[in-house]
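S.K.: Next up is a structure, given as structure tokens.
The values are calculated or read from the model by the stated rules, or taken from the named source; none is laboratory data. This is a predicted model, so every value here is computed, not measured. Positions of Cβ are backbone-derived with ideal geometry, glycine not excepted, and every protein chain shown enters the neighbour counts.
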Amino acid sequence: MNNIIQTENLGKKYFLDGTYIEAIKEINLTVKEGEMVALMGPSGSGKSTLLHILGGIDIPTEGKVFIKNQDIFSLSEKKLARFRNVHIGFVFQFHYLLPEFTALENVMMPAQIYNKSGARKKAEDILIRLGLKNRLNHKPSQMSGGEQQRVAIARAVVNNPSVLLADEPTGNLDSYNTHLVIELLRELNKKNNVTMVIATHDREVAEYCDRIVFLRDGRLQT
């Protein structure tokens, strides 16, 4: 299998209260195409920072990130935004659904940004596949936490991304919905060959993955 994610000496420093804080340092991580990787570590270990940099949401202080052999931070801001929209999906713990829009409208949005044809049909198909046929026209406030998370997953995969990054996707869910969401992620991984990196504290979630990577104090543990 080919490498789809590769980092080289990745580091991120924040300036806080007059001092530099190293969130991550010397991260050399390789993820193969179709692999499902769990990223584990205590709170404050750098998991979210690493995911945000892999997704091009945050900018590293040093080092490089290659996605599909593209050095993503060599791209202009506009080109990076397009690359991210086409190739990378992101699932957050708190969903970040737009409250004034329906489930269908939330999922359609990434495809509509670049005027992709068939956005509505594609969004409908994904939501129905995720068991949300009766929630297409419901707003987030009318849905349970598990339903909102499934809408967030649908939004993340509507453009058929090569890479899906998930930051504590089950952190606010009960055991039933946790199991449902991780089964959905595994199905998408296997059926669509979507490469996944999932930051989680949940050992049950991690055990669904092909490999577990540990972070401690901003460094990969070997």
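S.K.: Within region 33-87, restricting attention to residues that are exposed (fewer than 15 other Cβ atoms within 10 Å of the Cβ) and touching a strand residue (DSSP E or B) at 6+ places or on another chain (Cβ under 6 Å), which residue is nearest to I4 (Cα to Cα)?
M.R.: Step by step, filter region 33-87, then rank; the result is D71.
S.K.: So, one more: Taking region 43-73, which residues are of a type in the set (V, I, T) and more than 15 Å from L29 (Cβ to Cβ)?
M.R.: I57, I59, T61
S.K.: Only one of A156, A123 is in contact with a helix residue (DSSP H, G or I) (Cβ under 9 Å, 6 or more places away or on another chain), buried (at least 21 other Cβ atoms within 10 Å of the Cβ), of a type in the set (G, A, S) and free of Cβ contacts under 8 Å to residues at least 40 places away in the same chain. Can you tell me which?
M.R.: A123
S.K.: Identify all residues within region 209-222 that are of a type in the set (S, T, Y) and surrounded by 18 or more Cβ atoms within 10 Å (Cβ to Cβ); write none if there are none.
M.R.: Listed by number, the list is empty, since nothing qualifies.
S.K.: Which one is surrounded by the fewest Cβ atoms within 10 Å (Cβ to Cβ), of the residues in region 168-193 that are more than 15 Å from Q148 (Cα to Cα) and charged (D, E, K, R)?
M.R.: Restricting to residues being more than 15 Å from Q148 (Cα to Cα) and charged (D, E, K, R), the top hit is K191.
S.K.: Could you look through region 20-32, keep only residues that are surrounded by fewer than 20 Cβ atoms within 10 Å (Cβ to Cβ) and more than 15 Å from M196 (Cβ to Cβ), and pick out the one that is modelled with the highest pLDDT?
M.R.: Looking at residues that are surrounded by fewer than 20 Cβ atoms within 10 Å (Cβ to Cβ) and more than 15 Å from M196 (Cβ to Cβ), I get N28.
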